[in-house]
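Asker: First, the structure itself, so that you have it in front of you.
The values are calculated or read from the model by the stated rules, or taken from the named source; none is laboratory data. Computed from a predicted model, the values in this text were never measured in an experiment. So basically every Cβ, Gly included, is an ideal-geometry build from the backbone, and we count neighbours across all protein chains shown.
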């Protein structure tokens, strides 16, 4: 079962080598690593040239979501995943994911996630829970770094290119609302690096943009009401709903443990 890893890249040359190395040391017999670079001006291309097994392109794109879709289009594996250029896999991730995906009843598999600081020191363990369709409209509980899925998934669902903060949340929600069968494994596939250049850093502008995109995801999949993403009142209502659902998220984690 061949695994294709897609890495969108832009000026993260100080970290991308660790991402590439984490794929190599999996020791998995059949994989490919595709890097889609947006004309980086740092040492990214220099690093990529040191690894002849990596397939890469460096050309303008319309953002991370567009880069991911380009990479998935190039992929040849039966199993697909994406790894951001400043994150890295933990040993044994590929084999554990492949073993679970041999089950024809499973379309995708995901795990817990660890967080590290800029130097790679683990600072937090995030525990996910079993699939919950309605929660996916409020909370990105399936981490993209820890998500492996079968190629047939991309035949029906693509990464939404009008989202730049919550594309991973929308992708997972789309799969659940299209009744793809996702399985949670109580292990940890990957590490997310908190560093100053993260799009997801908790800034006022980032929070507002994530709320706007969250409302957009809610509107696409929820048939009961429609919220105006530009309305501060609707953003507050959406944020309140997320907080009200926290006890349910904790309950799912407790029952999955």
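Asker: Pull up segment 34-62, narrow it to residues that are buried (at least 16 other Cβ atoms within 10 Å of the Cβ) and closer than 18 Å to residue 164 by Cα, then point me to the one that is nearest to the chain's Cα centre (by Cα).
Answerer: 36
Asker: Still on this model: Counting only residues that are in contact with a helix residue (DSSP H, G or I) (Cβ under 6 Å, 6 or more places away or on another chain) and surrounded by fewer than 19 Cβ atoms within 10 Å (Cβ to Cβ), which one in segment 144-159 is nearest to residue 189 (Cα to Cα)?
Answerer: The extreme case among them is 154.
Asker: Quick check, is residue 141 surrounded by 22 or more Cβ atoms within 10 Å (Cβ to Cβ) and under 20 Å from residue 8 (Cα atoms)?
Answerer: Working: surrounded by 22 or more Cβ atoms within 10 Å (Cβ to Cβ): yes; under 20 Å from residue 8 (Cα atoms): no.
When the stated conditions are applied, residue 141 does not pass them.
Asker: Here is a list of conditions, (1) part of a loop (DSSP other than H, G, I, E, B); (2) modelled with pLDDT under 95; (3) closer than 22 Å to residue 172 by Cβ, and residue 27 meets all of them except one; can you say which number that is?
Answerer: So residue 27 meets the others, but not (3).
Asker: Looking only at helices (runs of 4 or more DSSP H) that fall completely inside segment 64-171, which ones have 2 or more residues that are within 15 Å of residue 7 (Cα to Cα) and at pLDDT 95 or above? Spell out the reasoning first.
Answerer: Numbers: elements: 64-74, 93-101, 151-156.
The qualifying helices (runs of 4 or more DSSP H) are 64-74.
Asker: Another question, then. Please determine whether any residue of segment 200-222 is in a loop (DSSP other than H, G, I, E, B), touching a helix residue (DSSP H, G or I) at 6+ places or on another chain (Cβ under 9 Å), at pLDDT below 90 and more than 23 Å from residue 26 (Cβ to Cβ).
Answerer: The answer is yes; a qualifying residue exists.
Asker: Out of contact with any strand residue (DSSP E or B) (no Cβ under 7 Å at 6 or more places or on another chain) and either more than 27 Å from residue 69 (Cβ to Cβ) or surrounded by 17 or more Cβ atoms within 10 Å (Cβ to Cβ) (or both): which single residue out of 243, 179 fits that description?
Answerer: 243
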